[in-house]
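Engineer: Please find one structure pasted underneath; my questions will follow.
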Amino acid sequence: MKNTPTEKNLVLDNLYVRVEGKRIVRGVSLTVRPGEIHALMGPNGTGKSSLALALMGHPRYDDVEGSARIGDTELLDLNPDERARAGLFLAMQAPAEIPGVPMADFLRTARRELGLEDLSGMKFNRRMKSELGLMGLDGAFAGRYLNEGFSGGEKKRAEVVQLRLLEPKFAVLDEIDSGLDIDALVAVARGIGELVAAGTGVLVITHYRRLLDHLPPDMVHIMSGGEIVRSSPGMELANTLEAGGYEAVVGREVTA
Amino acid sequence: MDNLPNTGRPGAGTLPDTAPPPGLGDESRDEYRYGFHDPEEYVYRAPRGLTKEIVEEISRRKGEPAWMLEKRLEGLRLFQRKPLPRWGADLSDIDFDRIHYYIKPSEGEERSWDDVPANIKKTFDRLGIPEAEKKWLAGVGAQYESETVYHNLKREWVEKGVVFTDMDTALRERPEIVKQFFGTIIPAGDNKFAALNTAVWSGGSFVYVPAGVTVDIPLQAYFRINARDMGQFERTMIIGGPGATLHYVEGCTAPTYSSDSLHAAVVEVIALPGSRVRYTTIQNWSHNVYNLVTKRAAAYEGATVEWVDGNLGSKVTMKYPSVYLLGRGAHAEVLSVAMANDGQYIDAGAKAVHAAPDTTSSVVSKSISKGTGRAGYRGLVQVEEGATGAKAAVRCDALIMGEKARSDTYPYMDVREEESNIEHEATVSRVGEEQLFYLTSRGLSEEEAALMIVNGFIEPIVKELPMEYAVELNRLIEMEMEGSVG
């Protein structure tokens, strides 16, 4: 896995993001290879979510400099749907609710738009049901309107269902572990782990080590003040963080 | 149209006595040959503007009984006296003197398919409507075709006494029923446009389902709103006998081709005790039409009336389907969806008048405004003294797309009985950046995402429609949504 040619990697190269004129992300560079798990940690307000939203092309985070590529494709030139077709997926911290649109209908449409195999109705329904079951969600969620009235935890699990059904090359998961009980956390980690084993590269944004215990990262990055201040392979940084907080990791007071 | 802010009751409380059938004896044979049956031979187009002479001429050419001419003339007098409504859309641009109030087509006068504007043809093509139907919709086909539609359906139900025909035929063949109910739910003086319709009405549907009969398939008048000839001032009357059940569906499956700019229909529904009447319509007018329609129902003891009303297109639409709940336990249900695109003003709503105990009503209204469109909900819930145990629930949701679109809500409540329960809930939402971003981030184009949000928004209404209408409505919305973002 680790020796995949560079053109298949997700590469952020000196990425800057301004929001309302203010520099929130200040020159982030990192490379995620297919099948790798990278964790991005750091206190609230350090630019992690801004980085994720800018990467996906959110219109309020479109004041960007630098480069973000999947292989040779420059993502920053593309609309969100084109970025999705280039293989990027963002599991959102606060997924929008879309009344009147059943989850299954939406996912079939999205699969079609992404050029994935057009499963027959029955095949798709079976797959959908089994994916929901894997995340501990009732089969009835297929017919429920997208995220409408879902609890916080249900939204997160539904995001993983979508992630698995949309089969991206790279996924950014923004606090996918928040609001989950331990059973759900294990299920979510397993669901993501299977994708990684199949070659999807993921960037996990999280505050806690507990997800990483179930989803061992190849690399942990600590973000502070819009920059990546420390990067280290394996769990070392996450462990230090859990024990001593961000000061212990960064060696100075962290800034937002 | 309706005189909505004026909450007075119409003359719907009691039904007039059945009158003996008025024969055609007072018409001369000479007049009769100008009758309804010979449009190819007898072309007629009334001169522009509206006079007593024109009204008399319409009635004479149709070979109508004297009492109908009286109604027409009364309508004319009231039309001339009544002011335009001072609320809602600005109607001052309507030039009543330029309008042809009655046009009877014939082959000689019809347009050829080649004359139909390209954008209308394109619409037909995109809707996948067969050639023959396209011609009919465009006002090219003969008016007779409408009766053919009715006749096919008529055969199926005639044995049970069901009458489903056009109003002109009904007036000739069932004058006693027409006379009994005509103008009883919507009196000529109700509002300026009801008065106008009474004066110059032509065409429209007539449905009568006798006591205890259940018509279990929708009675459909698909292709009959044809602005070129009879569509402008149609008059529809639907009567559910005691314990009867019927579902009347009316729709234009394409923007109605309209050479004139005013559509002022009147629809009267009479739901006798224990009956169940559902009226469904999806209308999509071309963007130069003033669509000012008065729709009202009377529901007697234990009866249920349901209006399902979809409004697209038009320059201005003012339409507030109403139900007067006149008997104990009567129930009203209004579901409406409106979409106002660039330059359009759609003022729609509903009215429920609880005039008897234990009556219930439910109104669900959804409006979408987009571009420079303006959509409004205007509704009235009235509970009269003595209507104990009345329950009313109103829910109106507005979806606004873009910075310039506008939505207004005017919910009027007039409650004169303490022992009643009224609920009102209104939401306004903008198609949000967050929703669009969410959907596009999963691979949908921005246009597709916006369409999905809009379709989701109207889903509660769409699921109440017969399948083919649901499909049509979704297609029409899709067409309205084209080029909406970017």
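Every number in this text was worked out from the coordinates using simple rules, so none of it is lab data. Since we're looking at a predicted model, the values are computed, not measured. Cβ atoms come from the backbone with ideal geometry, glycine included; neighbour counts cover every protein chain shown.
Engineer: Given the pairs B:K319/B:K370; B:K82/B:K370; A:K48/B:K463; B:K179/B:K319, which are separated by over 31 angstrom at their Cα positions?
Structural biologist: B:K82/B:K370; A:K48/B:K463
Engineer: If you take the square roots of the eigenvalues of the alpha-carbon gyration tensor of chain A and sort them as a ≥ b ≥ c, do you get rounded (a/c under 1.5), prolate (a/b over b/c) or oblate?
Structural biologist: Taking the square roots of the gyration eigenvalues as a ≥ b ≥ c, chain A is prolate.
Engineer: If you don't mind, there's one more thing I want to ask. Give the range of the longest stretch in chain A that excludes all trypsin sites (Lys or Arg not before Pro) found in loop regions by DSSP and having at most 12 other beta-carbon atoms within 10 Å.
Structural biologist: A:3-251
Engineer: Using a 10 Å cut-off around each Cβ, can you sort A:L53, A:L90 from fewest to most neighbouring Cβ atoms?
Structural biologist: A:L53, A:L90
Engineer: For the peptides A:172-178, B:96-102, what is the packing order when you average, over each peptide's residues, the other Cβ atoms within 10 Å and list the highest mean first?
Structural biologist: Per-residue mean Cβ counts within 10 Å order the peptides as A:172-178, B:96-102.
Engineer: Select from the range B:373-465 those trypsin sites (Lys or Arg not before Pro) which occupy a DSSP coil region and have at most 13 other Cβ atoms within 10 Å, ordered by residue number.
Structural biologist: Answer by residue number: B:K404, B:R416, B:K463.
Engineer: Among A:S67, B:S365, which comes first, then next, by fewest other beta-carbon atoms within 10 Å?
Structural biologist: A:S67, B:S365
Engineer: Mind listing the long-range amide H neighbours of B:K391? Cut-off is under 5 Å, sequence gap 5 or more, other chains count too, H placed in the peptide plane at 1.01 Å from N.
Structural biologist: Excluding prolines and chain starts, which carry no amide H, the hits are B:T359, B:T360, B:S361, B:N421.
Engineer: Specify the inter-centroid distance of the range B:364-395 and the range A:82-154, based on alpha-carbon positions, in whole Å.
Structural biologist: Spelled out, the Cα-based centre of one part sits 35 Å from the other.
Engineer: Continuing with this model, one more query. Taking neighbour counts of Cβ atoms within 10 Å as a proxy for exposure, in what order, fewest first, do B:L69, A:L185, A:L215 appear?
Structural biologist: Ranked by crowding around the Cβ, least crowded first: B:L69, A:L185, A:L215.
Engineer: Skipping prolines and chain starts, which residues have an amide H placed within reach, meaning under 5 Å, of the one on B:T245, given they are 5 or more residues away or on another chain?
Structural biologist: The list, which skips near neighbours in sequence, is B:V213, B:T214, B:V215, B:R276.
Engineer: Assign one of three labels to the range A:1-117, namely rounded, prolate or oblate, based on the Cα gyration tensor with a ≥ b ≥ c the square roots of its eigenvalues; rounded applies when a/c is under 1.5, prolate when it is not and a/b is larger than b/c, and oblate otherwise. Intermediate values should be presented prior to the final figure.
Structural biologist: On the way: a/c = 1.75, a/b = 1.18, b/c = 1.48.
Because a/c hits 1.5 or more and a/b fails to exceed b/c, the range A:1-117 counts as oblate.
Engineer: Let me ask another. With θ set to phi - 60°, apply the Karplus curve 6.51 cos²θ - 1.76 cosθ + 1.60 along the range A:193-204 and write out the HN-Hα couplings as whole Hz, x wherever there is a Gly or Pro.
Structural biologist: x, 4, 5, 4, 4, 8, x, 6, x, 10, 10, 9
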